[in-house]
1. So Tyr100 passes all but one of these: (1) surrounded by 17 or more Cβ atoms within 10 Å (Cβ to Cβ); (2) closer than 30 Å to Val27 by Cβ. Which condition number does it fail?
2. Here are Asn160, Asn188: which of them is assigned to a helix (DSSP H, G or I) and in contact with a helix residue (DSSP H, G or I) (Cβ under 7 Å, 6 or more places away or on another chain)?
3. In the list Val66, Val60, Val51, Val41, which residue meets the criterion of being of a type in the set (A, V, I, L, M), farther than 27 Å from Val98 by Cβ and in a strand (DSSP E or B)?
Amino acid sequence: MTEDLIMDLLSSNLPLLLLALLLVITVFKAVKIVPQSEQHVVERFGKLRKVMGPGINLIVPFFDVVRHKISILERQLPNASQDAITKDNVLVQVETSVFYRITEPEKTVYRIRDVDAAIATTVAGIVRAEIGKMDLDEVQSNRAQLITTIKALVEDAVDNWGIEVTRAEILDVNLDEATRAAMLQQLNAERARRAHVTEAEGQRRAVELAADAELYAAQKAAEARRVEADAEAYATGVVAAAIQANGLEAAQYQVALKQVESLNALGNSPSASTIVVPANALEAFGNAFNMLKGKS
């Protein structure tokens, strides 16, 4: 009895149950929740309908289909190495790394099949082209500028794919063994040259300092001679002025005074026991004593 009642109720309410089930399925298909790190591409009958961003989105059930779920997180391509030849014909192996993220999923989905492979190929071609414009020394010294140039060119190349290149790096620039040995030899030669130049500069500076010292000594000696000459000239001037003021007697008096002083010094010398004086000298000393006596 109870089973028959249940069957009667189900059979009578079956359309309502089917309608409720259809409503649940419709709501389930119409309401889509997109995670924060994704964007979903919706198609209608195989054609792009819209791109849904993070959050709750509504679509037309049974007509609209979420065809692609695209992550918008930043991605890193696997490190890649490619050979390149510099402007001065040196073979180098460049290791690069590129970071990017998808900003327009509809372009990425419908314009390119393998995004990573396409970007890697683009980066390899640009790196070879740019290094071919530079000498090896420029590649080593201008790495930051080279990275900036490569990043800008890659951005232009992948712009139609809805991709933003966030960073490009040149991790390493490797040389073959022959080139590395030649560069090491050149580096050692350059260091030796700098050492010789430094030594020569030191010797030249030492010679310059010695010459400056000699010149300084000569200048000081000349100044001393000039001072001595000025003193002698002053003394001569004083004597000349005295002669002019007091006449010839003053000069004769000074000469006589010097003669007496010399005779006294000669006589007081401990090593002189006998003094031989010429006759004319005695006469001169006598005149000197007379003059000194007269002055006193």
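1. Unmet for Tyr100, out of (1) surrounded by 17 or more Cβ atoms within 10 Å (Cβ to Cβ); (2) closer than 30 Å to Val27 by Cβ: (2).
2. Working: Asn188 fails: in contact with a helix residue (DSSP H, G or I) (Cβ under 7 Å, 6 or more places away or on another chain).
The conditions single out Asn160.
3. Working: Val60 fails: in a strand (DSSP E or B); Val51 fails: farther than 27 Å from Val98 by Cβ; Val41 fails: farther than 27 Å from Val98 by Cβ.
Selected residue: Val66, the only one of Val66, Val60, Val51, Val41 that is of a type in the set (A, V, I, L, M), farther than 27 Å from Val98 by Cβ and in a strand (DSSP E or B).
We did not get these values from a lab; they are worked out from the coordinates using the rules stated. Quick caveat, the model's predicted, so the values are computed rather than measured. Backbone-built Cβ (ideal geometry, glycine too); neighbour counts: all protein chains shown.
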